[in-house]
Amino acid sequence: MASVFKRGGKQNRGGQWYAAWNDCNGRRRTRCTKTTDKATAERIAAKLEADAALRRDGVIDPALDAITRESQRSIADHVTDYESKLRAGHCTEEHVERTAGIIRQFAASSELRSAAAITADYANRYAAKLKDDGLAARTIQAHLTALKSFTRWLADHHKLPRDPLSSVRKPNPETDRRRHRRVLLRDEWSRLEAATIGGPERFEMAGAERRLLYLTALQTGLRSGELRILSRGNLFLDAAPPYVYCEAGTTKNRQQARLFIDVELAADLRAHAVVKSPSAPLFAMPHKTEVAEMLREDLAEARRLWLREAIDDADDYAQRLKSDFLAADNHDGGSLDFHALRHTCGAWLALAGVQPKVVQTIMRHGSIVLTLDTYGHLFPGQEADGAARLHAMLRPDPLPLRATGTDEATARILPISAQRQAQRGGRDSLPGRAKPNDEADPTYAQKKTRNANERAGLCESLRPETAANKSEDDGTRTRNHRIDSPVL
């Protein structure tokens, strides 16, 4: 039975009452009623005892009570647990910090305290606020992705009864893309390569090392962060063909990758890595915020040298000055940064006619849809070839006119079933072909008579009875116009 008491004995006569009761598991539990009135404390104790009885009888689900308690915890406590979950899943520290920061920013801007207070309306208002602040659709999509993954984790781990953001839709980043990466042309790369080798040291990287870095990014499609952690142990240059190996924990999709390179780059990397220790980084890259600027400076040097070639021809110089050849930003709004080298790798593979599935494997895309959405328009001749094939299906070549007795014409006119029947056994039923000398067979006359009788019987069975063809009103005879055919 439930009971109430005060702690401290006589010295705590004016203090708050405590309730004691047996929970659904039979354990004795105590709780402060936070009241100094004994009658109120007794009602609270009786309510706790009655709820425990309902849980023992299965009327109240204890699991729902646990979810309710978890939902009342603060968002800050849940974010701490979520960070531990991300780190246990081998997410990078940068990803963990960025995701946790977005969740805390959302909770602070919406003034939310507990996880139960999260609703879809708060998320939609948060996205609208980000848009009013001038953020691009891609950035808003990243914020909503972090929030939706957090609430989905809360629901999956029974901290919320359901996912409150399941109905929230993320914006399409293509509708408000602020930066379009452009692709390097082959002529641009040859001039960029020459200018990089002959250029000065930039961001504490020599020109020859920068050229190797750019070329490795072009041939493998590795991202800046993935190139940064490469070491001599990732190079398998004696294999046939040579390749760069990336462990699962170092790639973005957390899957191991084997990226093949040509023998010329393998020879250059071998000469470059011979002075490196096995665990030292392969490239002495600058800070991640300066890698794009380094590439842009080399590109500007290449454009300056290209313009200098036409310094003696005023017209040619004016034309080159207007061109966006070797320009970081072109007239179509395309921008070139270090990630554009990876984009160039996929684009060149598509232009070379490599199958989309192979391009997906090299670029390590999660689905073929992403590959086709990014590079599908670059696969040469696909649309024109598809239109030509469709035209051939809609308008087949007309059959030439031939005599009906010829074998080829008959074979093209007869249905497939008749052709198969004609090919069966030793008989040849196609018209126009020589028939076997059946007259030489002694039983030929008997077979011919039996077949004729069978056909006559079949045709007779298909004809209606005379009585059924007479009209009951006027006695006139009606004839059945159905064709009697042995094929039936």
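The values are calculated or read from the model by the stated rules, or taken from the named source; none is laboratory data. Remember, it's a predicted structure, so these values are computed and weren't measured experimentally. Positions of Cβ are generated from backbone atoms using ideal geometry, with glycine treated the same way; all protein chains shown enter the neighbour counts.
Examine region 54-65 for a residue that is touching a strand residue (DSSP E or B) at 6+ places or on another chain (Cβ under 7 Å) and not assigned by TED's automatic domain parsing to the domain that holds L160, and state whether such a residue exists. No - not one qualifying residue is present in region 54-65.
Of all positions in region 287-296, at least one carries a residue that is more than 30 Å from Q256 (Cβ to Cβ), at pLDDT 90 or above and either surrounded by fewer than 15 Cβ atoms within 10 Å (Cβ to Cβ) or over 28 Å from the mean Cα position of the chain (by Cα) (or both). Filtering region 18-77 to residues that are in a loop (DSSP other than H, G, I, E, B) and under 30 Å from A107 (Cβ atoms) leaves K34, D61, Q72, R73. Scanning region 108-142 for residues that are surrounded by fewer than 15 Cβ atoms within 10 Å (Cβ to Cβ), among the hydrophobic types (A, V, I, L, M, F, W, C) and closer than 14 Å to S74 by Cα returns a single hit, A108. Residues that are among the hydroxyl-bearing types (S, T, Y), over 30 Å from E247 (Cα atoms) and over 35 Å from the mean Cα position of the chain (by Cα): does region 12-23 have at least one? Within region 12-23 (the criterion being among the hydroxyl-bearing types (S, T, Y), over 30 Å from E247 (Cα atoms) and over 35 Å from the mean Cα position of the chain (by Cα)), the answer is yes, since at least one residue qualifies.
Selection of region 230-279 for residues being of a type in the set (V, I, T) and in contact (Cβ under 8 Å) with a residue 24 or more places away in the chain yields V244, T250, T251, I261. Taking the criterion of being of a type in the set (A, V, I, L, M, F, W, C) and within 22 Å of Q360 (Cβ to Cβ), the residues of region 231-269 that qualify are V244, C246, A248, A257, L259, F260, I261. Taken together, the residues in region 118-153 that are touching a Phe, Trp or Tyr at 6+ places or on another chain (Cβ under 7 Å), in contact (Cβ under 8 Å) with a residue 24 or more places away in the chain and closer than 14 Å to P171 by Cβ amount to 1. For residues that are small (G, A, S) and within 18 Å of P62 (Cα to Cα), scanning just region 1-51, find the one that is surrounded by the fewest Cβ atoms within 10 Å (Cβ to Cβ). Top of the filtered list is G26. Please indicate, with yes or no, whether at least one residue in region 83-97 is touching a residue at least 12 places away in the same chain (Cβ under 8 Å), outside any strand (DSSP E or B) and in contact with a strand residue (DSSP E or B) (Cβ under 9 Å, 6 or more places away or on another chain). For region 83-97, residues touching a residue at least 12 places away in the same chain (Cβ under 8 Å), outside any strand (DSSP E or B) and in contact with a strand residue (DSSP E or B) (Cβ under 9 Å, 6 or more places away or on another chain): absent. Among residues of region 303-350 being small (G, A, S), touching a residue at least 60 places away in the same chain (Cβ under 8 Å) and in a helix (DSSP H, G or I), the one that is farthest from I261 (Cα to Cα) is A340. As a summary of the residue check, R303 satisfies the conditions (1) charged (D, E, K, R); (2) out of contact with any Cys (no Cβ under 9 Å at 6 or more places or on another chain); (3) surrounded by fewer than 17 Cβ atoms within 10 Å (Cβ to Cβ) except for the one numbered (3). Filtered by the rule that a residue be over 24 Å from D337 (Cα atoms), in contact with a helix residue (DSSP H, G or I) (Cβ under 9 Å, 6 or more places away or on another chain) and assigned to a loop (DSSP other than H, G, I, E, B), region 263-302 gives V274, K276, S277, P278, S279, A280.
Does any residue of region 126-142 turn out to be of a type outside the set (A, V, I, L, M), modelled with pLDDT of 95 or more and under 25 Å from the mean Cα position of the chain (by Cα)? No, region 126-142 contains no residue that is of a type outside the set (A, V, I, L, M), modelled with pLDDT of 95 or more and under 25 Å from the mean Cα position of the chain (by Cα). Considering (1) among the charged types (D, E, K, R); (2) touching a residue at least 60 places away in the same chain (Cβ under 8 Å); (3) within 22 Å of D77 (Cα to Cα), the lone condition that R179 does not fulfil carries the number (3).
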